[in-house]
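Scroll down for the structure; my scribbles are underneath it.
The values are calculated or read from the model by the stated rules, or taken from the named source; none is laboratory data. Owing to the predicted nature of the structure, the values given are computational and were not obtained by experimental measurement. Every residue, glycine as well, gets a Cβ built from its backbone with ideal geometry; the counts of neighbours run over all protein chains shown. With ligands, DNA and RNA removed, areas are computed over all heavy atoms of the protein, side chains included. Shrake-Rupley method; radii C 1.70, N 1.55, O 1.52, S 1.80 Å.
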Amino acid sequence: MRPKKMPARFVFVLLVGALLVSVAAEYVRPPPGRVILTENSQPPSHPQQVHVSLVGANHMRVSWVTDAKHGHSVVDYGRASGNYTSSATGEHTSYRYFLYSSGKIHHVTIGPLDPGTVYYYRCGMVGDEFTLKTPPAALPIVLVLAGDLGQTEWTASTLAHVSKTDYDVLLVPGDLAYADTQQPLWDTFGRFVQKHASRRPWMVTEGNHEVEAGMALPGSPAPFLAYTTRWRMPYEESGSPSALYYSFDAAGGAVHVVMLGSYAGFNSTSEQYGWLARDLARVDRRATPWLVVLLHSPWYNTNAAHAGEGEAMRKAMEKLLFDARVDVVFSGHVHAYERFTRIYNDEANPCGPVYITIGDGGNREGLAFDFQKNHKLARLSLMREASFGHGRLSVVDATAARWAWHRNDDADSTVRDELWLESLSANGACRRANPADDSWSDEL
């Protein structure tokens, strides 16, 4: 029996219906998510807010908080669950912020550790067992980027998407807890991220929400007090005089990551400027083909949000990064995603860094929608979108890396932007003719 021919009016109705379904299925950008306040379920002497970070080539720092003022700053660890063959002792501290008094904050450095290895560990000789995985000692390596996190439903979505695929190190270009002087929010944030930050190293730099400057009165809390006390980074190991900026190596030195401080002094006479010049000068691009920089306030930005806030720092420091042939610069602050071409001094330049804003981790303030079409830098902006998400920099070898930005599409993580990067150390037109020579090739 031959099927009947469908009347034209029904075909029209079906086509219109399909179009409406297609439109309805398009992604709708979310409003700010509800703040999640993670309560403490542990006894006072048990560890909470556990997170790990890198310290040198083969050590890691384990940090945690106990409500009890007594307890051991000890980490027992080994390669098998419950079989702790090594132990390390560290130190503890605490701080006061007006009427708030923190718990005991413990920091213990463990190692030497083997690369690419899972370790089981326990903090303070009590409580739960945790696991961590050390990064590889050589390329390839996967670095995850997520800025302006906060502790909302969208932050939870971002971190869930991050953890669905393995990675080695998570980098945060500022704005962690969004405590903004409300110190208990540092505690809820530490508990909120513990599931993720206890398993892989988190390397962070400060944003404006970490400043928390007290009133200009005797005995007022110092700026960045909670941030620097809780999230201790390896600034001393990198020769930095300040906890607000530092550097570290990954993948056996194949990747050098510089974490700059947008809210520390940065002019040519500042300590940060002098340290940065020395740090970059020590990098041998034959051994370290990749140079990555993070900071909070973007130097290039076509969004109305925080317009021009990074300009003074750019004018002071951009030449240092350009002369060192930094490959990519990541920033946060603007709650959206934006990727520029390679730039130097407001112009496209094949030997300049790629600039990427990744301030879309899930903060409570919501997204920055107002990208300016007629902005003077719009011609250099290749991708921009106000959505929550995270990025992944997969450094494959000495010459190639893949960047992908993953947007939070409700329950799914969708790749919305990606490109392959060539290391500038492999670009003959940009490479220094002699590593001991300060001059660069002018052949562009």
**Asked** Within the stretch 262-379, which strands (runs of 3 or more DSSP E) (wholly inside it) include 2 or more residues that are out of contact with any Cys (no Cβ under 9 Å at 6 or more places or on another chain) and among the hydroxyl-bearing types (Ser, Thr, Tyr)?
**Response** 337-344, 354-358
**Message:** Can you pull out every residue in the stretch 100-129 that is in a loop (DSSP other than H, G, I, E, B) and of a type in the set (Asp, Glu)?
**Reply:** Asp114, Asp128
**Message:** Gly17 - would you say it is modelled with pLDDT under 90, crowded, with 20+ Cβ neighbours inside 10 Å and either more than 33 Å from the chain's Cα centre (by Cα) or of a type in the set (Gly, Ala, Ser) (or both)?
**Reply:** no
**Asked** Quick one: would you say Ala436 is modelled with pLDDT under 95, in a loop (DSSP other than H, G, I, E, B) and surrounded by fewer than 15 Cβ atoms within 10 Å (Cβ to Cβ)?
**Response** yes
**the stretch 165-193, residues that are in a helix (DSSP H, G or I) and either open to solvent by less than 40 Å² (accessible area, probe 1.4 Å) or modelled with pLDDT under 95 (or both)** = Trp186, Asp187, Thr188, Phe189, Gly190, Phe192, Val193
**Prompt:** Within the stretch 363-382, how many residues turn out to be within 22 Å of the chain's Cα centre (by Cα) and either among the acidic types (Asp, Glu) or open to solvent by 30 Å² or more (accessible area, probe 1.4 Å) (or both)?
**Reply:** 4
**Message:** When you scan the stretch 254-270, do you find a residue that is without any contact (Cβ under 8 Å) to a residue 12 or more places away in the chain and among the β-branched types (Val, Ile, Thr), even just one?
**Reply:** yes
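This table checks each residue for (1) of a type in the set (Gly, Ala, Ser); (2) farther than 24 Å from Asp168 by Cα.
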{"site": "Thr38", "(1), (2)": "no, yes"}
{"site": "Tyr84", "(1), (2)": "no, no"}
{"site": "Glu91", "(1), (2)": "no, yes"}
{"site": "Ser101", "(1), (2)": "yes, yes"}
**Item:** Output for the stretch 393-403, where each listed residue is open to solvent by 20 Å² or more (accessible area, probe 1.4 Å) and closer than 17 Å to Arg339 by Cβ
**Value:** Ser394, Arg402
**Asked** Does Val211 satisfy the criteria of being hydrophobic (A, V, I, L, M, F, W, C) and under 16 Å from the mean Cα position of the chain (by Cα)?
**Response** no
**Prompt:** Of Gly253, Gly265, Gly308, Gly239, which residue is on the phi > 0 side of the Ramachandran plot, open to solvent by 30 Å² or more (accessible area, probe 1.4 Å) and out of contact with any strand residue (DSSP E or B) (no Cβ under 9 Å at 6 or more places or on another chain)?
**Reply:** Gly308
**Test result for Asn40, surrounded by fewer than 17 Cβ atoms within 10 Å (Cβ to Cβ) and over 17 Å from Lys133 (Cα atoms)** = yes
